[in-house]
1. Can you tell me how many residues in the stretch 354-370 are farther than 14 Å from R381 by Cα and charged (D, E, K, R)?
2. Taking interchain pairs and intrachain pairs at least six residues apart, which have beta carbon atoms under 6 angstrom, with the first residue in the stretch 624-650 and open to solvent by 20 Å² or more (accessible area, probe 1.4 Å) and the second acidic (D, E)?
3. Pairs only if they're at least six apart or on different chains, beta carbon under 6 angstrom, first in the stretch 769-795 and closer than 16 Å to L685 by Cα, second among the hydroxyl-bearing types (S, T, Y); list them, first residue then second.
4. Regarding the stretch 245-258, can at least one residue be identified that is in contact with a strand residue (DSSP E or B) (Cβ under 9 Å, 6 or more places away or on another chain), over 30 Å from W713 (Cα atoms), of a type in the set (A, V, I, L, M, F, W, C) and assigned to a helix (DSSP H, G or I)?
5. Being over 19 Å from H161 (Cβ atoms), open to solvent by less than 40 Å² (accessible area, probe 1.4 Å) and touching a Pro at 6+ places or on another chain (Cβ under 9 Å) is the filter here, so list the residues in the stretch 37-75 that pass it.
6. Among all residue pairs at least 6 apart or on different chains, which show Cβ distances below 8 Å where the first residue, located in the stretch 164-183, is among the small types (G, A, S) and the second is exposed (fewer than 15 other Cβ atoms within 10 Å of the Cβ)?
7. From the list E740, E777, which one is open to solvent by 30 Å² or more (accessible area, probe 1.4 Å), at pLDDT 95 or above and over 35 Å from the mean Cα position of the chain (by Cα)?
8. Which condition number in (1) free of Cβ contacts under 8 Å to residues at least 24 places away in the same chain; (2) among the small types (G, A, S); (3) within 22 Å of G560 (Cβ to Cβ) is the one that A307 fails?
Amino acid sequence: MVMQRLLPLMGITLAIAVWTMTPKSLQAADDSDKAVTFSAEQLSFYQKSVKPILVANCIKCHGGQPKIKGGLNMTSRAGLIKGGDTGSAFDAKAPAKSLILQAVGYEDEFLEMPPKGKLDQDAIDVLTKWVEMGLPMPAGGGTHHHHESEDPQINETTRNHWSFKAVKRPQTPSVKNASWVRNPIDAFILARLEAKGIKPNRPVARAALIRRAYYDLIGLPPSPQRVEAFVKNNSPTAYEDLIDELLDMPQYGEKWARHWLDLVHYAESNSFERDNPKPEVWRYRDYIIRSLNSDKPYTQFIREQLAGDELEHVTPDSIIATGYYRLGLWDDESADPPQTRFDELDDWVTVTSQAMLGLTMDCARCHDHKLDPIPQVDYYRFLAFFRDIRSFQHGRDGMGKRFNAGNWHINLSRFISHDKLKQGKDGAIVDEGKLERLNKELAAMEKTIAAKLPGGVRDDFKYESNRVAVVKEHRKLITNRIAKQYLAMWEERQALKTAKQANDIKVLCITADTKPAPTHLMVRGNPYAPGKEVKPGFPQVLGFPDPEIQEPMPGQQSAGRRIVLANWIASEKNPLTARVIVNRIWQHHFGQGIVESTSNFGLQGTKPTHPQLLDWLATEFVNQGWKFKALHRTIMLSNTYRMSSALNQVGYNIDPKNELLWGFRMRRLTAEEIRDSVLAANGTLNGKMYGPSIYPEIPRAVLAGQSRPGANWRTSNEQERARRSIYIHIKRSLIVPMIESFDGADTDNTCPVRFVTTQPTQALGMFNSEFMSKQAEKLANRVTKDAGANPQDQVAKAIELITQRSARSSEIKRGVQLLADLKREDGVNDAQALKFYCLMLYNLNEFIYLD
């Protein structure tokens, strides 16, 4: 053990397998494998069960290289018995104590194999059985690693990777402190904490809890009055009612749409030299907001974006959703059209596989994946699903060939008859067929409701003008769920009835070919070096049969491939889809996913901290109809979510990264939340939703940094500039300074997580920018209007607006003193002093950070 601790100091890495042993175990080891014979059954067990594990995890370092690491050769029984630099890996007298089992079992922190992560328990059990048999192997070896194929292979071991196995609902664990468990989430969290001797943090204060809930669900602060009312509300359902209230707010869609837009690298310009705007792309953003507000099932959400033009019922929304394929970079004067075309296809493979499946399939474009069992052919099989989509070019496809329909923006009448199109107040484009479907659904629901009502009330319910009032009054009798669903559908129908006739509506979407060009495996990813032809297919490691794709029917406008892909991804049989998306929702509530590498569920992705909890959440999500709002509610009603972020010293000592969740993780507001909160505090936030994007003022010095200074950056009026940040025009070469400095999303690539940085430009911008100076002046004006001219009242009001709580006497005293000092020492007047004080408040940690 002493030597093990000294070896790292001597420059020797224990992680590359130095097998340790005592002289006693040396004596117990066999000299060779020549005198030992094994049955055919034992050798078969080795070939079928053991060998794949060794090849996938061990042989590359211990037998597959000219220089064998640690001196341990695992390609033969003799090599294992001989052992590494310091002795044998096998103890013949006590097989269970063999160092190979200690290593794979991670029994000693200095001897953990394989170093990339502990094997699944099934694999450990196989190796244990093999060692107990006495290491049966073919004479002379039998486990060899081929240098030309060092990448992970598709075999029993890799197919048994945790995320590739079917999702099964686990049993809720038993815990000692059962009183702490509000729902199964708490049981899964507490079971691991109790196993480590850690107690969960106490509940967070109610004032902090409501602020946390507001920002997590709508991305805006609560008003001071709303905080006070919640703190004083003693109802046992006060918090539950708050969550329901927030989920019903339209601002929910604005907040959570931003997370999805990060994943699909949403931007409104093409990048490259001119970085011209993408026409009508804002309709896709609005589609995402509306979809989330309507609590659209995630399965439908996926199908509309991947294959909205191939659905049984094509709608304006489903066509707008295909704008998903138009969000990436586009070179408008490509010098190499074939290369540009495959870059475009690669973008679709990358975003779809990472965002929806948590697989880095793009790493197999030029060769077999180096870290995951994804051969290059699987990359091109996956790419073939998208081959029918015409390239994002005006009048030519990606190979330079002409076609009739340009792809800049297309009139919806190409898909849906003009006379059936209407546009609602929320900007949604709908067709009258949807109104007909809603009428039928409401009629069926009204029969169900009527059956639950008493006689006299049932008579009132017969009249359409009474129905909403009856449902609201008799919610409990009807059940809250049915009442809520009915009222939402009623409002949707009313909106459709009042929608205006819409003509000449253009959207950014796709057009497709019914007979796409063949897909070939491109040798080394070179578009000029086609190899064998491939057909559309799923990643083979997941074990699904190749899809059957029917030939297009007469009148069909695409090859019908993408709906097959969409249905496979949206299937509850897919082991990745539900796991990946619930992990993302968890990440945005707790600051880190149960799987930290949220877009990489492969062999080299981080392992889940709570694998059973992840599978429970995935099955719960599916059982609840793939609905996001139910998932939010389940998570946020848990005691786990309600914990304080205060330091738990015992928890910190045992688990310094807080992976077990002994307390809540404090977080900084996102760039958009900071800007929106600045506007909310001074009362100028414009709540207008939907429609074309806005253009905030950008300093001339920033504009001058473009190749064409100021090109395509328009001027919005002051009221429009005060809209929420999600409506800001996103120009790839010109990000609004506040959004950029506070770690806004990378718009060139799929962005699963925003890494929080601390840098000088943040403080400089918050103190010295023209934007913040103007907003501080507006806050000062609001304070003066609300509180009058008394400095004490002004300070108290300003603190209340910034922090959503009452000011403490010590804070008021310091604030009044600062106002006096500013006037005396800097010669400013009352209004200027208050403006500077408000600017200081905008820079408080309490304003920018969330408990």
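1. Result for the stretch 354-370: 1.
2. K627/D295; K629/D295; N639/D186; S645/D851
3. Matching pairs, first to second residue: K778/T684.
4. Going through the stretch 245-258, the residues in contact with a strand residue (DSSP E or B) (Cβ under 9 Å, 6 or more places away or on another chain) turn out to be none.
Looking for residues that are in contact with a strand residue (DSSP E or B) (Cβ under 9 Å, 6 or more places away or on another chain), over 30 Å from W713 (Cα atoms), of a type in the set (A, V, I, L, M, F, W, C) and assigned to a helix (DSSP H, G or I), one finds none in the stretch 245-258, hence no.
5. Of everything in the stretch 37-75, those that are over 19 Å from H161 (Cβ atoms), open to solvent by less than 40 Å² (accessible area, probe 1.4 Å) and touching a Pro at 6+ places or on another chain (Cβ under 9 Å) turn out to be F45, Y46.
6. Correct list of pairs: A166/K573.
7. Working: E740 fails: over 35 Å from the mean Cα position of the chain (by Cα).
So the residue among E740, E777 that is open to solvent by 30 Å² or more (accessible area, probe 1.4 Å), at pLDDT 95 or above and over 35 Å from the mean Cα position of the chain (by Cα) is E777.
8. (1)
The values are calculated or read from the model by the stated rules, or taken from the named source; none is laboratory data. On a predicted model such as this, the values are computed, not experimentally measured, just so you know. Here the Cβ is made from the backbone with ideal geometry for all residues, glycine too, and neighbour counts use every protein chain on show. Keep in mind that these areas ignore ligands, DNA and RNA; they rest on the heavy atoms of the full protein, side chains included. Shrake-Rupley method; radii C 1.70, N 1.55, O 1.52, S 1.80 Å.
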